[in-house]
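First the structure, in the form of structure tokens, and then the observations on it.
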Amino acid sequence: MSGSEPTLSDDAQRNFPVPEFEDLPADLQERIAEETADAGFTPNVFAALAYRPEHFRPFVDFHDAIVEESALDRAEIEMIVVAVSGVNHCLYCNVAHGALCRIYAGDPQLAEQLISNYRTADVSDAHRVMLDVAVKLSEQPASVTREDLDRLYDAGFSEAEVWDVGVVAAFFNLSNRLATFADWRPNDEFYELGRVKPDGSD
């Protein structure tokens, strides 16, 4: 862990520069300091996005709205994120959100299952439908029809939850593509979060 002091790693993204923390606008410094205090390290996504403060703000605001005001629970959100990121081969989101999936689902194996092949993962029938639709929207968006939404309704999802399945998938397709384009690199800490240690602790 890097502690509670914000640290913007030069290696956070490899195709664009990472600014100095002291050179950032005050509101970005405040937000990054909050994230660092919560996580115990500065997630590299904040260092990368800080390259363009005018993009950092709406990106982070929309992310916060998705995860904090969702009709889906946080484990379901992270399941969608890692399934979508898996088919998009996004290293940053596979690793960072894989950690969050392990934590929120309380399952140290689920993230790797979803990233590798969500169709064989140990999930409920309803969640498999959820992931089917999210991945279809990612891989074949032009083929998505009302029938896909009806599959979600039939699986027990509310109208608000169905909307959120689409919003989470769409937003993280954007994130995956930007992360790949800019070559965002996951923090080392993410690889270890949410795993069971040899003594059975986590």
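The values are calculated or read from the model by the stated rules, or taken from the named source; none is laboratory data. These numbers come from a predicted model, not from an experiment. Don't worry about glycine lacking a Cβ; one is built from the backbone with ideal geometry, like all the others, and counts go over all protein chains shown. We work out accessible area using only protein heavy atoms, side chains counted, and drop any ligands, DNA or RNA first. Shrake-Rupley method; radii C 1.70, N 1.55, O 1.52, S 1.80 Å.
Things to note:
- Residue ID - farthest from the chain's Cα centre (by Cα), chosen from residues in region 154-166 that are in a helix (DSSP H, G or I) and without any contact (Cβ under 8 Å) to a residue 60 or more places away in the chain: ASP154
Residue by residue, here is whether (1) closer than 18 Å to VAL87 by Cα; (2) of a type in the set (Gly, Ala, Ser); (3) within 17 Å of the chain's Cα centre (by Cα) holds:
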{"position": "VAL135", "(1), (2), (3)": "yes, no, yes"}
{"position": "GLU139", "(1), (2), (3)": "yes, no, no"}
{"position": "THR145", "(1), (2), (3)": "no, no, no"}
{"position": "ASP148", "(1), (2), (3)": "no, no, no"}
{"position": "LEU152", "(1), (2), (3)": "no, no, no"}
{"position": "VAL168", "(1), (2), (3)": "yes, no, yes"}
{"position": "GLU192", "(1), (2), (3)": "no, no, yes"}
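- Sole residue being more than 18 Å from ALA71 (Cβ to Cβ), in contact with a Cys (Cβ under 7 Å, 6 or more places away or on another chain), among the small types (Gly, Ala, Ser) and open to solvent by less than 80 Å² (accessible area, probe 1.4 Å), chosen from ALA121, ALA179, ALA99: ALA179
- A Cβ distance below 6 Å, combined with a sequence gap of six or more or placement on separate chains, defines the contacts here; from region 174-187, residues that are in contact (Cβ under 8 Å) with a residue 60 or more places away in the chain reach residues that are part of a loop (DSSP other than H, G, I, E, B) and among the aromatic types (Phe, Trp, Tyr) in the pairs ALA182/PHE16; ASN187/PHE41.
- Those residues of region 137-159 which are closer than 19 Å to ASN94 by Cβ and either of a type in the set (A, V, I, L, M, F, W, C) or open to solvent by 20 Å² or more (accessible area, probe 1.4 Å) (or both), in sequence order: LEU137, GLU139
Quick grid of which residues meet (1) of a type outside the set (A, V, I, L, M, F, W, C); (2) touching a Gly at 6+ places or on another chain (Cβ under 8 Å):
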{"residue": "ALA126", "(1), (2)": "no, yes"}
{"residue": "LYS136", "(1), (2)": "yes, no"}
{"residue": "VAL144", "(1), (2)": "no, no"}
{"residue": "ASP154", "(1), (2)": "yes, no"}
{"residue": "GLU159", "(1), (2)": "yes, no"}
{"residue": "VAL167", "(1), (2)": "no, no"}
{"residue": "PHE172", "(1), (2)": "no, no"}
{"residue": "LEU178", "(1), (2)": "no, no"}
{"residue": "PRO186", "(1), (2)": "yes, no"}
